[in-house]
1. For Ser38, indicate whether it is among the hydroxyl-bearing types (Ser, Thr, Tyr), surrounded by fewer than 19 Cβ atoms within 10 Å (Cβ to Cβ), over 15 Å from Ser279 (Cβ atoms) and away from the ligand (no atom under 16 Å from the Cβ).
2. I'm trying to understand the selection: among the residues of the stretch 216-237, which are within 16 Å of the ligand (Cβ to nearest atom) and over 16 Å from Val188 (Cα atoms)?
3. Of the residues in the stretch 311-340, how many are within 15 Å of Thr193 (Cα to Cα), assigned to a loop (DSSP other than H, G, I, E, B) and either out of contact with any helix residue (DSSP H, G or I) (no Cβ under 6 Å at 6 or more places or on another chain) or aromatic (Phe, Trp, Tyr) (or both)?
4. What pairs come up if the first residue lies in the stretch 241-266 and is closer than 21 Å to Ala89 by Cα, the second is of a type in the set (Ser, Thr, Tyr) and modelled with pLDDT of 95 or more, and their beta carbons are under 7 Å apart, counting only those six or more places apart or on different chains?
5. In this structure, does Thr191 turn out to be among the hydroxyl-bearing types (Ser, Thr, Tyr), in contact with a Phe, Trp or Tyr (Cβ under 7 Å, 6 or more places away or on another chain), within 24 Å of Ser125 (Cβ to Cβ) and part of a loop (DSSP other than H, G, I, E, B)?
6. Residue under question is Glu240, and the condition is that it be within 27 Å of Glu142 (Cβ to Cβ), in the same structural domain as Ile111 (by TED's automatic domain parsing) and not small (Gly, Ala, Ser); does it hold?
7. Applying the selection to the stretch 287-310, what residues are under 30 Å from Glu74 (Cα atoms), in contact with a helix residue (DSSP H, G or I) (Cβ under 8 Å, 6 or more places away or on another chain) and either at pLDDT below 95 or crowded, with 18+ Cβ neighbours inside 10 Å (or both)?
8. Could you tell me which numbered condition Asp294 fails, if it satisfies all but one of (1) among the acidic types (Asp, Glu); (2) within 23 Å of the chain's Cα centre (by Cα); (3) assigned by TED's automatic domain parsing to the domain that holds Pro194?
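The values are calculated or read from the model by the stated rules, or taken from the named source; none is laboratory data. This structure is a prediction, so every number in the text was calculated from the model and none was measured. Backbone-built Cβ (ideal geometry, glycine too); neighbour counts: all protein chains shown.
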Amino acid sequence: MSHFNTGLMMNRFEEFTTRIVQQVGKKEGPVSPVMVNSASFGYGNSETGEGIFEGSIKKPLYARVGNPTSAQLEQVLASMDGGIGAVSASTGMGAIAMATLSLLKSGDEIISIGGLFGGTYSYFSETLTRFGITTKFFDVDELAGIEEAINTATKIIFLESVGNPNMRLPDIAKISSIANRFGVALMVDNTTTPLSIAPLSLGADIVVYSTTKIITGNASALGGAVVYRAITEGSDKFKEDRYRDIHPFIQKMGSMALIAVAKKRALRDFGMSANGFGSYLTMLGLETLPLRLDRIVTTVESVAKALYEKGFVVNHPCLPHHPHHERYLSQFANGCGTILTIDMGSKERAFEFLNRSKLITITANIGDSRTLGLHMASTIYRDFDDQIKEFLGITAGLIRISIGLESAEAIIDDFVDAVKI
Ligand SMILES: *Cc1c(COP(=O)(O)O)cnc(C)c1O
């Protein structure tokens, strides 16, 4: 609990330890979430069928546009972030596709800040480009350039809460004030910092998650989700001309409009839908998220500091020489997720370290119960040219570590043993 508030106010992990277990379990009937795997649902009679399609009867229509187990998961995730609702997806990339494609058309522009997760980078730079949507990329501190880049075609400012794997931290409140001043939607990928960061309370409009990572936490299920804020009654940026394509949804659905946009424009037409079994497994993980993350963010700091003292080239903002150390202390009081990076200087030394470690599982995942590690340049970023690798902070010897539930001491000892000749 190194840098948490020691006052009487509960930290966010403590608050959600109580809330989430209460929301996932039921007091009557089955305690564990009821798993529904049916692809279709009988309506009983034609009048009910008509009402379901019309929206006046709230019953399941067809599993591509909603599943009862996933609906429970959506409620928990929405309450976690203070959103009006959430829509779950088959994967994190599915969630990002849902959140973006439902708002974009050919000719539109995205401003992408920080990070960036390799899949999201390819999606923006290659796939969306093929459909006439362009993305401009910025570092978290290029605020003047970001303001200059905003024009009438800008529909989304996309932000990763922590640079993965460059570990740079954005000033989310400051960026959201720019987004609000220009009336552009701010979307935050909060995959690495659920609970630690509450993007909607910092002024963001939409939060995206890969639940595959720390939310499920044990590699048992792929999944994703998008959490939306309510459309406000008076003025709202989504009521301005920039978002005229969704105005019919606002007229019909009011505060819930963004949920309807996601369901009709993405789930119905692209089908990146979550399944009942996946959502069930995700909820089993989610109910222990506050406990696991509370422990891991503390372990990450202990490991980063100990390895740094032992001469490792470590990148984590808890270290005083990190360019965003002050921001980490003031704006990331609940840590910044499970990741730190180590630069071993060369690919050979990085491979040697990973192969010698007895504790690291070598894999492309993050946010697991177990400590994971991966050499970046030879795997996720192998197809990227040097200039982009430099922008994303990918050096020849860079290893990304995702700290797990093991004791800090066991991790430190293992890492030190792995570099001994
Ligand atoms: C893993 C990840 C994704 C993609 O999630 P999948 O569930 O693998 O599709 C998106 N953003 C971030 C930050 C991630 O770490």
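1. On the way: among the hydroxyl-bearing types (Ser, Thr, Tyr): yes; surrounded by fewer than 19 Cβ atoms within 10 Å (Cβ to Cβ): yes; over 15 Å from Ser279 (Cβ atoms): no; away from the ligand (no atom under 16 Å from the Cβ): yes.
It is false that Ser38 is among the hydroxyl-bearing types (Ser, Thr, Tyr), surrounded by fewer than 19 Cβ atoms within 10 Å (Cβ to Cβ), over 15 Å from Ser279 (Cβ atoms) and away from the ligand (no atom under 16 Å from the Cβ).
2. First pass over the stretch 216-237, keeping only residues within 16 Å of the ligand (Cβ to nearest atom): 216-227.
Passing the criteria: Thr216, Gly217, Asn218, Ala219, Ser220, Ala221, Leu222, Gly223.
3. 4
4. Partner pairs satisfying both residue conditions: Leu258/Tyr228; Ile259/Tyr228; Val261/Ser102; Ala262/Ser102; Arg265/Ser102; Ala266/Ser102.
5. Values: among the hydroxyl-bearing types (Ser, Thr, Tyr): yes; in contact with a Phe, Trp or Tyr (Cβ under 7 Å, 6 or more places away or on another chain): yes; within 24 Å of Ser125 (Cβ to Cβ): yes; part of a loop (DSSP other than H, G, I, E, B): yes.
So Thr191 passes the test.
6. Numbers: within 27 Å of Glu142 (Cβ to Cβ): yes; in the same structural domain as Ile111 (by TED's automatic domain parsing): yes; not small (Gly, Ala, Ser): yes.
The answer is yes for Glu240.
7. Passing the criteria: Glu287, Leu289, Pro290, Leu293, Asp294, Thr299.
8. (3)
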